[in-house]
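Working notes, beginning with the structure itself.
The values are calculated or read from the model by the stated rules, or taken from the named source; none is laboratory data. Note that the structure is predicted; figures quoted are calculated from it, not measured. Cβ atoms come from the backbone with ideal geometry, glycine included; neighbour counts cover every protein chain shown.
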Ligand code: ATP
Ligand code: MG
C-alpha cells in the first residue's frame, strides 16, 4: 500500500459513524468555523486524535484543527469575531482558540522542511496532502470537514479499522526527523494495535533508539508519563524492553512484570507510582532524566519506601502508626506496589489520626517559650501514638501529665 497523498477526494462518513460526531455541533466550534471559513470555503478541518477517537466511538480528549490560513490571519479572523486566541506555538503555526467553553488548537497546514531529530523548520502550505504527510502515523492523519466529509490521503481509515499503528512513509526516516516518534509509536500501539505491533515500526524503533539521547528531558518525561498512565502500559513496556528502547530512557533494570501484575485487571497507574514499580529503589538522577516535578518525585520516592514498609507490617496497630507517619497517599501507593490487597482496602476506609496540639497549648499549660515547647509536643505525641491514637481530648490529658512531670 502506498502512502502517497495523491487522493485529494473527500468521502462521506459511513452513516453508522455519524452519531459519534455530535460534539462537532457545539456552538463554540460552530462559531469558530464560521469565523474562519468563508461561505462554502474549505479552510478548516478537524484532524488527529479527535477524528481518530470518534471514528472508534471513543470520547475525544481535545480538539485539533488544521487550516489553510497562515497563523496571523487565523488570529485576526478569530479576534474580529470576538474569539479569544493564544499564540501557543505560533512559530510552528499553532494558535489556541478559546470560545464558549471550547478550546481548540488551530494549526496552519505545513510541511516540515528541515529536521534535526527533535524540531523542524516548517513551511506553511495550503495543500492538505503536505500536512497529512508530515504527521506521524496513518491513523493520526485523518481530517474531517464540518460537513463530516473525511479526508484520508494515507489510508488511515483502513489501518484504524484493522488496528494498525503504522508510520507514514519510511519508519526509520520519519523517526530520524523526530526521535520522540519512537515513544509515540509505543504509546499509540499500546492504545490501538489489535494484534502485534507493526513489525516495520518496531524494527525502526530498535535501530534508531540511540537518537532518544538528543531529546529533551521534558519531552521524554511527558511522553513516558502518557505511556505509563495509558492503557496496556505493560504491553508498551514489554515492546520497549525487547527493542532496547527502555534502556535508552533509564538504564537501571526495569521490572515490567510488576507493571503487568498491577495493571492486569485494566487498572491505570499514576505516573510516579508506575515509576516506583518499574524502577524500584533509590534511582538517583531519575527525576532529572524525566524532569519530574518536585511533587512527582516526592510521591515516587515515598511510594518506593512505603512498599517495603507495608510489606513488613504485622498487624493493624503497626499499620495505623505507619499510616500516621507517612500519610494516606504514600501508604496506599506502598500497599498497591506491594500488591497487599488487604492493606489497600484497609487504608481506603481509614482516617488518618490528627495530632491537634500546638505550641500555644504548651505555653497555655505553663510551659516556657523556647526549645522545650517542641520537645514537650514530641513527648506528648509519642505517648499518644503509643496509646493507639486516642481522642483529641486525651491529647490534652497527656500534655498535662508531661507538663506535671516536668514541674516535679
Ligand atoms: P491524544 O489523544 O494523545 O491527544 P493526538 O493524536 O491528538 O492524541 P497530539 O499529540 O495531541 O496527539 O497531536 C495531534 C496530532 O499532531 C497527531 O494526531 C499527529 O497527527 C500530529 N503530531 C503530534 N506530534 C507529532 C510528532 N512528533 N510527529 C508527527 N506528527 C505529530
Ligand atoms: Mg490531541
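Annotations
- Residue selected from the stretch 131-158 under the condition in a helix (DSSP H, G or I) and within 13 Å of ligand 1 (Cβ to nearest atom), by the criterion surrounded by the most Cβ atoms within 10 Å (Cβ to Cβ): 139
- You will find that of 341, 332, the residue that is at pLDDT below 95 and under 21 Å from residue 260 (Cβ atoms) is 341 and no other.
- Residue count, the stretch 170-184 (criterion: in contact (Cβ under 8 Å) with a residue 40 or more places away in the chain, part of a helix (DSSP H, G or I) and more than 16 Å from ligand 2 (Cβ to nearest atom)): 3
- Selected residue [in a helix (DSSP H, G or I), at negative phi, within 15 Å of ligand 1 (Cβ to nearest atom) and in contact (Cβ under 8 Å) with a residue 12 or more places away in the chain] from 106, 51: 51
- Residue 106, sole failed condition from (1) in contact with a helix residue (DSSP H, G or I) (Cβ under 7 Å, 6 or more places away or on another chain); (2) under 30 Å from residue 162 (Cβ atoms); (3) buried (at least 20 other Cβ atoms within 10 Å of the Cβ): (2)
- Residue match in the stretch 251-271 (condition: in a helix (DSSP H, G or I), touching a residue at least 40 places away in the same chain (Cβ under 8 Å) and closer than 20 Å to residue 290 by Cα): yes
- Candidates 91, 7, 42, 38, filtered to the one that is part of a helix (DSSP H, G or I) and at pLDDT below 95: 91
- Set 74, 95, 106, 122: member being within 16 Å of ligand 2 (Cβ to nearest atom) and over 27 Å from residue 14 (Cα atoms): 95
- Evaluation of residue 64 against (1) in a helix (DSSP H, G or I); (2) within 16 Å of ligand 2 (Cβ to nearest atom) (one fails), failing number: (1)
- Test: residue in the stretch 78-99 that is crowded, with 22+ Cβ neighbours inside 10 Å, within 16 Å of ligand 1 (Cβ to nearest atom) and touching a residue at least 40 places away in the same chain (Cβ under 8 Å): yes
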